[in-house]
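Single-structure report; data block below.
Each value in this text was obtained by applying a stated rule to the coordinates, not by laboratory testing. Computed from a prediction, not measured in an experiment: that's the story for all the values here. Every residue, glycine among them, receives a Cβ derived from its backbone with ideal geometry; neighbour counts consider all protein chains shown.
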């Protein structure tokens, strides 16, 4: 591979002169510029993009580091929202999947630092995520979907506490009393916030939180299965369960089916995250929907504003959730009533027509 030293030797100049020519320095003698440019062309030299970006202190690329892209359409729509925002602003981006692994996440953040990207949009894997090296290098960071304790970075999140509270309020209003919760990992804010919303709803209704009805999962199907198996072993077993993301809901629903139980007669279910299969089940699944596309696009907007010079204090954008009521949480006696909870405005029930992008964002599910 031809190097800048090869170009300098062939042109009879220093490597520093070659660098100044490549960077467009107007103080270089025009004859030397012509000589260097001819040699560059003859040798087929291509500047090292990473090294050049480190010298110039800028690179028109964004890095998007997602905690787990396999979580389903939620993060797929977040990615699409970020990508659209970046493309509209003229920035390409590269995507990294940290797989909920702090060490893997650290490698990708180091890559972003080495590439000297213009900015990073990050879904942190947990409270140990270190933004210090990026901040010290002047690289702008926006946190998407999850927060970090004490962070001064901009963030865009959904109302996880409010969404969980609304889901449990709905179950209480429909006559359920022994309401369990399959929570996410407490080390991430989406896990702790949804559990807080569950507890808050019970406490405000004058009901004590029963620790035996709470299980922590991992935002994945096996965790949902294990938690549901443990809950069904209890006597009396729960008459309803609030599940804090759709992958765990998928695992829990498998266990309920294998146990020969019916929704909602034997146990009612509400999941957090809208998902395309929710209304297609034999008993449609009530869900808390998140505006995933909007979350990604808003994250891109905040990052762009930082790149363009905004230097104010850290901002937090809180996006609302939507309760999509279906038969899995119907009142304990009688058919599902439209007044049982807020009218769903996300994924339509059977027979409703398809929506455009704004509706698609509300359909998104799978976040963690």
Enter the per residue convex hull volume of the chain, computed from alpha-carbon coordinates, in Å³ rounded to the nearest integer.
162 Å³
Take every DSSP beta bridge with both residues inside the stretch 182-308 and express the antiparallel ones as a percent of the total, to the nearest 5.
0 percent
Sort largest first and round to whole Å: the equivalent ellipsoid semi-axes of the stretch 36-190, each the square root of five times a Cα gyration tensor eigenvalue.
41, 16, 13
If the chain between residue 237 and residue 282 were fully stretched, how many nm would it gain, using 0.36 nm times the residue separation less the Cα-Cα distance?
13.9 nm
q = 0.18, 0.22 Å⁻¹: log10 I(q)/I(0) that the Debye formula gives for the stretch 198-294, counting C-alpha atoms only:
-0.86, -1.24
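Which of the peptides 201-212, 171-182, 233-244 is most tightly packed, and how do the rest follow, going by the mean number of other Cβ atoms within 10 Å of each residue?
By packing density, highest mean first, the sequence is 171-182, 233-244, 201-212.
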GNM, the chain, Cα, under 10 Å: largest mean-square fluctuation among 194, 220, 46?
46
Output the peptides 76-89, 300-313 sorted from most to least packed, where packing is the average of other Cβ atoms within 10 Å over each peptide's residues.
76-89, 300-313
Could you check what % of the DSSP bridge pairs in the chain are antiparallel, to the nearest 5?
10 percent
Starting from the Cα gyration tensor of the stretch 132-274, take the square roots of the eigenvalues, sort them a ≥ b ≥ c, and report rounded, prolate or oblate (rounded when a/c is under 1.5, otherwise prolate if a/b is larger than b/c, else oblate).
prolate
Rounded Å value of the spacing that divides the Cα centres of the stretch 282-313 and the stretch 178-252
26 Å
Relative contact order (%) - the chain, alpha-carbon pairs under 8 angstrom, separation at least six
18 percent
Give me the distance in nm between label points sitting 7 Å out from Cα along the Cα-to-Cβ direction at residue 107 and residue 38, one decimal.
4.7 nm
Quick one: angle between helix 292-307 and the longest Cα principal axis of the chain, in degrees between 0 and 90, rounded to 10, please.
30 degrees
Kindly provide the helix-only [θ] at 222 nm of the chain, computed as the sum of -39,500 (n - 2.57) over DSSP H runs of four or more divided by all residues, to the nearest 500 deg cm²/dmol?
-12500 deg cm²/dmol
Tell me the angle of helix 246-258 to the major Cα principal axis of the chain, expressed in degrees between 0 and 90 and rounded to the nearest ten.
40 degrees
Convex hull over the alpha-carbon atoms of the stretch 237-342: what's its volume per residue in Å³?
125 Å³
Could you state the angle between the C-alpha long axis of helix 189-204 and the longest principal axis of the C-alpha atoms of the chain, as a value from 0 to 90 degrees rounded to the nearest 10?
30 degrees
Mean separation of Cα contacts under 8 Å, 6 or more apart, over the residue count of the stretch 274-330: relative contact order %:
57 percent
Convex hull volume of the Cα atoms in the stretch 4-47, per residue, in Å³?
58 Å³
Quick one: among 139, 107, 66, which has the greatest mean-square fluctuation in a GNM of the chain with alpha-carbon springs under 10 angstrom?
107
With a cut-off of 8 Å between alpha carbons and a minimum separation of six or more residues, what is the relative contact order of the stretch 4-47 in percent?
43 percent
How would you order 247-253, 2-8 from highest to lowest mean count of nearby Cβ atoms within 10 Å?
247-253, 2-8
